[in-house]
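Inspection log for the structure reproduced underneath, given as structure tokens.
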Amino acid sequence: MNAPSLSIGDFEVHILKDGIYRAPIGDVIHARGEEARRSALDAWGRPEFAVDVNCFALDGPHGLWLIDTGAGTAWGPAYGKAPAALRDAGFSAGEVSIVLLTHIHGDHALGLFEGDKARYPNARLLVPQGDLAYYGDRAILDATPPEKRSSFRTVAKLREVYGERVEAFEPGPVLYGLSAIDLPGHTPGHSGFLIRGDPETLLVWGDVVHLDTLQLADPAVGFNYDQDPGLAMRSRRHALESAAGENWLIAGSHITGIHRVERRGEGFAFSEESNA
């Protein structure tokens, strides 16, 4: 089955579903403390959540680009579906000329590898400078508990496998038709990508939101895998306010489909309109 797609400017954007991420609802945190957290969990009313793990293929005038790559085979059989989705969309791994990462968590970056080889052998990798600097710093690595070093290992493997093809980007224009938006907090360099067209513009916002029903209504809801929860909350509100105010379409690594954001009361919601 072909991947859902949407035309934005000079790009055909294909959503590639890599798998489903499942986690206990106990991973939820709240910026206003435990009472607000319990209220959010009561509103959710379920013991766990399951969300999409998405990547995005951009077919444009300068070649085939990917935003994120999924978990590959590193996280088990529930993941690793993105390459097949790419083939279903009519492309091969060898055609990918650029891979952009929103951040270097495993469900976004480990799909770059096929064992110890590059899954996308002809691709340049564009990685947020903030993530490369932080997770590439030996002193920070040495001060980090072993169980929290996976992103450091990912950066090391990126450099080992892709070598000089690993490049850093800063917020602002990155490639033709595409700009990076600084949305830190989930990781130091966590970024979204703005794809401008006429009349539509699409923001691919990475991990700004995991549970739309909770976090749009209350952006203070976060997760314990946000490295800086307060900063992640501010980035989430900034992305939601920008998307609502500018009438952008949005897509997310853990959001099903493509949506618009509207203000609703003290929070936000997806509008009834859905494009994919």
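Check segment 159-170 and report whether any residue there is under 19 Å from residue 112 (Cβ atoms), touching a Phe, Trp or Tyr at 6+ places or on another chain (Cβ under 9 Å), buried (at least 18 other Cβ atoms within 10 Å of the Cβ) and of a type in the set (A, V, I, L, M, F, W, C). For segment 159-170, residues under 19 Å from residue 112 (Cβ atoms), touching a Phe, Trp or Tyr at 6+ places or on another chain (Cβ under 9 Å), buried (at least 18 other Cβ atoms within 10 Å of the Cβ) and of a type in the set (A, V, I, L, M, F, W, C): present.
In segment 11-31, the residue that is nearest to residue 84 (Cα to Cα) out of those that are surrounded by fewer than 20 Cβ atoms within 10 Å (Cβ to Cβ), hydrophobic (A, V, I, L, M, F, W, C) and touching a helix residue (DSSP H, G or I) at 6+ places or on another chain (Cβ under 8 Å) is 25.
Identify the single condition in (1) exposed (fewer than 14 other Cβ atoms within 10 Å of the Cβ); (2) under 22 Å from residue 184 (Cβ atoms); (3) among the basic types (Lys, Arg) that residue 117 does not satisfy, given that it satisfies every other one. For residue 117, the exception is condition (2).
In segment 69-92, is there at least one residue being modelled with pLDDT of 95 or more, crowded, with 18+ Cβ neighbours inside 10 Å, over 17 Å from the mean Cα position of the chain (by Cα) and in a strand (DSSP E or B)? No: zero hits. Filtering segment 243-256 for residues that are surrounded by fewer than 16 Cβ atoms within 10 Å (Cβ to Cβ), free of Cβ contacts under 8 Å to residues at least 40 places away in the same chain and more than 23 Å from residue 4 (Cβ to Cβ) leaves a non-empty set. Taking the condition of being in a helix (DSSP H, G or I) and at pLDDT below 95, how many residues in segment 109-145 meet it? The qualifying residues number 0. Among all positions in segment 11-32, there is at least one residue which is touching a strand residue (DSSP E or B) at 6+ places or on another chain (Cβ under 6 Å), farther than 26 Å from residue 213 by Cα and of a type outside the set (Asp, Glu). On the basis of being touching a Leu at 6+ places or on another chain (Cβ under 9 Å), buried (at least 20 other Cβ atoms within 10 Å of the Cβ) and either without any contact (Cβ under 8 Å) to a residue 12 or more places away in the chain or at positive phi (or both), does residue 192 make the cut? For residue 192, the condition - touching a Leu at 6+ places or on another chain (Cβ under 9 Å), buried (at least 20 other Cβ atoms within 10 Å of the Cβ) and either without any contact (Cβ under 8 Å) to a residue 12 or more places away in the chain or at positive phi (or both) - is not met.
Consider segment 258-274 and keep the residues that are assigned to a loop (DSSP other than H, G, I, E, B) and surrounded by fewer than 18 Cβ atoms within 10 Å (Cβ to Cβ). The one that is modelled with the highest pLDDT is 265.
Of all residues in segment 22-49, those satisfying the criterion of being outside any strand (DSSP E or B) and hydrophobic (A, V, I, L, M, F, W, C) are 25, 31, 36, 40, 41, 43, 44. Of all residues in segment 242-274, those that are touching a Pro at 6+ places or on another chain (Cβ under 9 Å) and of a type outside the set (A, V, I, L, M, F, W, C) total 2. Screening the candidates 45, 33, 9 for the property of being in contact (Cβ under 8 Å) with a residue 40 or more places away in the chain, out of contact with any His (no Cβ under 6 Å at 6 or more places or on another chain) and at positive phi yields one hit, 9.
For segment 205-250, filtered to residues that are in contact with a Lys or Arg (Cβ under 7 Å, 6 or more places away or on another chain) and part of a helix (DSSP H, G or I), the residue that is nearest to residue 190 (Cα to Cα) is 215. When we screen 173, 199 for residues that are out of contact with any Lys or Arg (no Cβ under 7 Å at 6 or more places or on another chain), without any contact (Cβ under 8 Å) to a residue 60 or more places away in the chain, within 24 Å of residue 12 (Cα to Cα) and in a loop (DSSP other than H, G, I, E, B), the only hit is 199. Just to be sure before I move on: is residue 148 basic (Lys, Arg) and more than 18 Å from residue 163 (Cα to Cα) in the structure I sent? Yes, satisfied. Could you please tell me which pairs satisfy a Cβ distance under 9 Å, a separation of 6+ or placement on different chains, a first residue in segment 121-137 that is surrounded by fewer than 23 Cβ atoms within 10 Å (Cβ to Cβ), and a second residue that is of a type in the set (Ser, Thr, Tyr)? Note: pairs meeting the criteria are 122/97; 124/97; 124/162; 130/187; 130/191; 134/151; 134/187. Every condition in (1) without any contact (Cβ under 8 Å) to a residue 40 or more places away in the chain; (2) closer than 30 Å to residue 42 by Cβ; (3) not small (Gly, Ala, Ser) is met by residue 234 except one, and the failing one is (1).
The values are calculated or read from the model by the stated rules, or taken from the named source; none is laboratory data. Note that the coordinates shown come from a computational prediction; the quantities given were computed from them, not determined experimentally. Quick reminder, even Gly has a Cβ in these numbers, built from the backbone with ideal geometry, and neighbours come from all protein chains shown.
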